[in-house]
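Since the structure comes first, as structure tokens, the remarks are kept for the end.
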Amino acid sequence: MTLFEKIIARQIPADIVYEDEFTLAFRDIHPQAPVHVLVVPKKALTQLDRAEEGDADLLGRCLLSANRVAALEGLTDFRLVINNGAGAGQSVFHLHLHVLGGRQLAWPPG
């Protein structure tokens, strides 16, 4: 069971900012911006490249949840990041979207 699955199951505490039937969103414990919230699907899916056609609705729901989180956090400008694989910086192998904002974000990200 991944760290995120334990958070979803409420076995590990988290600062939850949004939840619906399909997703859970909580503050990152190592924020990279004033607002840094992770949106995770409640269905276990290790990473984006493992998604299948049947996951299309869930992926859309993740994006909508990220948008709701941004609104709840008062963000009109924000960045969404999905890391796919260890080489891209993914450290927890449960798909998650980073909602980042609250300051000017540089490009390219690095």
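Candidates G60, G101: the one that is among the small types (G, A, S), under 17 Å from Y18 (Cα atoms) and exposed (fewer than 12 other Cβ atoms within 10 Å of the Cβ) is G60.
Here region 73-91 is the region considered, the condition is being over 16 Å from A33 (Cα atoms) and more than 11 Å from the chain's Cα centre (by Cα), and the residue that is surrounded by the most Cβ atoms within 10 Å (Cβ to Cβ) is Q90.
The lone criterion from (1) β-branched (V, I, T); (2) surrounded by 18 or more Cβ atoms within 10 Å (Cβ to Cβ); (3) over 18 Å from L100 (Cβ atoms); (4) touching a Phe, Trp or Tyr at 6+ places or on another chain (Cβ under 6 Å) left unmet by T46 is number (2). The single condition from (1) over 14 Å from the mean Cα position of the chain (by Cα); (2) modelled with pLDDT of 95 or more that A66 fails is (1). When region 63-76 is filtered for residues that are in contact (Cβ under 8 Å) with a residue 40 or more places away in the chain and either of a type in the set (S, T, N, Q) or closer than 20 Å to F93 by Cβ (or both), the ones remaining, listed by number, are S65, A66. Per the conditions (1) crowded, with 19+ Cβ neighbours inside 10 Å; (2) in a helix (DSSP H, G or I), the sole criterion not satisfied by L95 is (2). Exactly one residue out of H96, H30 is closer than 17 Å to P109 by Cβ and in contact (Cβ under 8 Å) with a residue 12 or more places away in the chain: that is H96.
The values are calculated or read from the model by the stated rules, or taken from the named source; none is laboratory data. Since we're looking at a predicted model, the values are computed, not measured. When we count neighbours, we look across all protein chains shown, and the Cβ atoms used for this are built from the backbone with ideal geometry, even at glycine.
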